[in-house]
Structure formats: structure tokens, C-alpha cells
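K.L.:
The structure's right below; bear with me while I get my questions together.
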Amino acid sequence: MCCKSCARIILITFNFILFICGGLFVAFGALGRHNMPLLMQFTSKIPGVERIDHIIDIPETIAGSATFMIILGSVMVFFGFFGCFGAWCMLKWMLFIYWLVLVLILLAEIALIVVAAVSPGKLEGHVKNILFKSLEKDFKPVSIYGTNITLPSSVVAIAWVSLQFEVGCCGANNYTDYMNFQWNKTFIIDGGTQRVDAEVPPSCCKLKEPRQVPTSTVAFQGLRQCLMRKNEYNEEGCYKSVLELMVQYHYIPIIIAAVVICVELVAIAASFHLWRSNDRK
């Protein structure tokens with residue numbers, strides 16, 4: 001009798017929390033669709049986001065996920081109510097359906113974890129794809145007037161130029177990205193005396209003092225050779241820097257997944273016990 005009461009309390013508590021969390025998901029998704037500035041104030045507090053927030057369109061990403069979050073939240077609200085009501089009224093058929101659905105969800109989560117562990121390259125490929133689309137759509141190189149360097153006017157282009165200079169990278173995947181889309185490749189260098197049809201932009205060129213955005217052509221180790229891709233250019237893509245930022249906080253989804261699975265196991269055990277010990281249909 002004591003075990004039955006404990007299982008009932010656990011199940012009601014768990015599903016009440018699930019119901020509340022589902023409501024929060026719905027609210028968060030609704031904010032993403034109708035009040036983006038408020039969400040952006042929240043995301044701006046996350047360390048490191050300012051390095052990529054102009055390269056990866058965070059508002060568009062959140063807005064694209066808003067409908068999914070609303071649907072997921074609605075399912076959580078319904079499922080939480082279903083389990084809470086079944087445990088409260090001790091309805092055997094509701095408890096069985098609840099238990100069966102939980103087991104199926106747990107098996108699906110385990111399958112996803114196994115796929116993610118076996119295929120870690122999928123995340124890397126996804127990051128590369130997002131970055132290249134941003135580069136292809138919005139990249140503009142710096143302008144050179146005499147020996148002076150001027151940043152482009154587009155915010156996204158400035159972010160790309162700054163990232164490449166400060167990290168010492170080139171393109172999303174590597175320097176070959178600049179062979180796959182159109183960009184302004186003509187530069188007048190050496191004080192306006194030489195015209196160069198570049199193969200890589202100046203932001204891919206190595207600097208005498210790395211990790212800074214230069215204001216003059218004298219800051220480069222060999223600008224002309226770099227633009228013609230003979231030497232003095234960075235070959236590594238920028239995706240590694242972005243991926244490292246994501247991996248830096250990889251423990252967050254791991255902790256969340258572990259907590260969710262533990263809670264689900266407890267709920268499965270509690271609902272099964274109530275179903276077996278309950279005579280009410």
C-alpha cells in the first residue's frame with residue numbers, strides 16, 4: 001500500500017512538472033513568433049554568442065524552431081495531463097497507455113543517442129553547411145584604398161571579415177569556398193600601382209601580428225602573394241572555431257538528457273506498478 005501511494009505521488013508530481021514545462025515551451029515558441037526582441041535579450045547573455053550571432057542568423061533560427069516548440073509543448077501539456085489524471089483517478093487503461101508511450105519514447109531517445117555517438121561527423125557537416133550558406137549569401141571583402149583598409153558595410157560581412165582576421169581562418173570549410181561563389185575579386189594594392197585578381201580575400205591573409213583587424217596593408221606578411229594564393233594565406237576553415245564554441249557547452253545537453261532519462265525511468269516504474277496493482281478499469 002505504501003509503495004502504491006508513493007508511486008502515485010511520484011507520477012502525479014512528475015506529470016504536473018511535465019505539464020508546466022510544456023506550457024513554458026509553448027510560451028517560448030509563441031515569443032519566438034511574436035516577440036523576438038525579448039528573446040534576443042536573453043540569448044545575448046550567453047557567453048561567446050556575440051562571435052557568431054551575425055554569421056548564424058539566430059533570430060531566424062529561433063523563429064524556424066518556434067512552431068516545433070509550440071507543437072512539442074502542446075504534446076507535453078497533453079501527455080502531462082493524461083498521466084496526472086490517470087494517476088489521480090487510478091484509471092488502469094490510461095496508466096497502461098501512458099506506460100507504453102513512455103517506453104517507446106525512451107527507446108527512441110536511446111536510439112538517437114546511439115546514432116549521435118556513432119556519427120559525430122553529422123554535427124560538423126551541419127555546422128559547415130550553415131556557415132557556407134551564410135558566407136555565400138552575405139560575404140563582402142574589405143576595400144583597399146592606397147594602403148588603407150575599409151570594412152564592408154554589411155553587418156554579416158563585417159562579422160565574417162573580423163572572424164577570419166581574428167581567428168586566422170579562411171572560408172567556412174577552407175579557402176576553396178571562395179572558388180564556389182561570386183564575390184568582388186579585384187583589388188588595387190601597393191599604393192594603387194598594382195591590380196590583382198584575387199583567389200582569396202584579404203581577410204584570409206596572414207598578419208604580422210595575428211588576432212586583430214588591420215587598418216593598413218602594411219599589417220600583412222605578404223598581401224600580393226596571399227591574394228594570388230601563392231603563400232602567406234590561412235588554409236584552415238572557420239567552422240572549427242564555431243564548432244569548438246558549440247563543443248565547449250556540450251555538457252549542457254548531456255546533463256539534460258541524463259536527467260530526462262532518469263525521470264522517465266522512474267515514471268515508467270511508477271506507472272507500471274500502479275497499473276499492476278490497480279483493479280479499476
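K.L.:
Would you point out which residue out of 81, 68 is open to solvent by 50 Å² or more (accessible area, probe 1.4 Å), assigned to a helix (DSSP H, G or I), modelled with pLDDT of 60 or more and closer than 21 Å to residue 16 by Cβ? Steps first, please.
P.N.:
Working: 68 fails: closer than 21 Å to residue 16 by Cβ.
Answer to the selection: 81.
K.L.:
Looking only at the stretch 189-199, count every residue that is at pLDDT below 85 and at negative phi and tell me the total.
P.N.:
So the count comes out to 3.
K.L.:
Now for a separate question. List every residue pair whose Cβ atoms lie under 8 Å apart, where the two residues are 6 or more positions apart in sequence or sit on different chains, the first residue falls within the stretch 89-110 and is basic (Lys, Arg), and the second residue, located anywhere, is surrounded by 14 or more Cβ atoms within 10 Å (Cβ to Cβ) and modelled with pLDDT under 85.
P.N.:
Cβ pairs passing all conditions: 92/275; 92/278.
K.L.:
Please verify whether the stretch 84-96 includes one or more residues that are modelled with pLDDT of 80 or more, under 30 Å from residue 194 (Cα atoms) and open to solvent by 50 Å² or more (accessible area, probe 1.4 Å).
P.N.:
No, the conditions are met nowhere in the stretch 84-96.
K.L.:
Something else about it: In contact (Cβ under 8 Å) with a residue 24 or more places away in the chain and either closer than 14 Å to residue 220 by Cβ or crowded, with 16+ Cβ neighbours inside 10 Å (or both): does that describe residue 188? Talk me through it step by step, then tell me what you get.
P.N.:
Working: in contact (Cβ under 8 Å) with a residue 24 or more places away in the chain: yes; either closer than 14 Å to residue 220 by Cβ or crowded, with 16+ Cβ neighbours inside 10 Å (or both): no.
Answer is no for this residue.
K.L.:
Which numbered condition trips up residue 183, out of (1) open to solvent by 60 Å² or more (accessible area, probe 1.4 Å); (2) among the hydrophobic types (A, V, I, L, M, F, W, C); (3) closer than 30 Å to residue 125 by Cβ?
P.N.:
With (1) open to solvent by 60 Å² or more (accessible area, probe 1.4 Å); (2) among the hydrophobic types (A, V, I, L, M, F, W, C); (3) closer than 30 Å to residue 125 by Cβ applied to residue 183, the lone miss is (1).
K.L.:
Looking at residue 152 and the list (1) modelled with pLDDT of 90 or more; (2) not in a helix (DSSP H, G or I); (3) not charged (D, E, K, R), which single condition is not satisfied?
P.N.:
(1)
K.L.:
Got at least one residue in the stretch 238-252 being among the basic types (Lys, Arg), assigned to a helix (DSSP H, G or I) and at pLDDT below 85? If you could, list the steps in order and put the result at the bottom.
P.N.:
Just the residues of the stretch 238-252 that are among the basic types (Lys, Arg), to begin with: 240.
Next, only the ones that are assigned to a helix (DSSP H, G or I) stay: 240.
Now restrict to residues that are at pLDDT below 85: 240.
Within the stretch 238-252 (the criterion being among the basic types (Lys, Arg), assigned to a helix (DSSP H, G or I) and at pLDDT below 85), the answer is yes, since at least one residue qualifies.
K.L.:
Can residue 213 be described as open to solvent by 10 Å² or more (accessible area, probe 1.4 Å), in a loop (DSSP other than H, G, I, E, B) and aliphatic (A, V, I, L, M)?
P.N.:
Details: open to solvent by 10 Å² or more (accessible area, probe 1.4 Å): yes; in a loop (DSSP other than H, G, I, E, B): yes; aliphatic (A, V, I, L, M): yes.
The answer is yes for residue 213.
K.L.:
Still on this structure, please answer the following. Can you run down the residue pairs with Cβ atoms below 7 Å, 6 or more apart or on separate chains, where the first is in the stretch 218-233 and β-branched (Val, Ile, Thr) and the partner is open to solvent by 20 Å² or more (accessible area, probe 1.4 Å)?
P.N.:
Listed pairs, sorted by first residue: 218/147.
K.L.:
So, one more: Please state which one of 172, 157, 87 is assigned to a helix (DSSP H, G or I), touching a helix residue (DSSP H, G or I) at 6+ places or on another chain (Cβ under 9 Å) and more than 29 Å from residue 10 (Cα to Cα).
P.N.:
Sole residue among the options that is assigned to a helix (DSSP H, G or I), touching a helix residue (DSSP H, G or I) at 6+ places or on another chain (Cβ under 9 Å) and more than 29 Å from residue 10 (Cα to Cα): 157.
The values are calculated or read from the model by the stated rules, or taken from the named source; none is laboratory data. Just so it is clear, the model here is predicted, and its values are computed rather than measured. Counting neighbours? That spans all protein chains shown, and the Cβs are built from the backbone with ideal geometry, glycine included. Side chains are part of the model used for accessible areas, which takes the heavy atoms of the whole protein and leaves out ligands, DNA and RNA. Shrake-Rupley method; radii C 1.70, N 1.55, O 1.52, S 1.80 Å.
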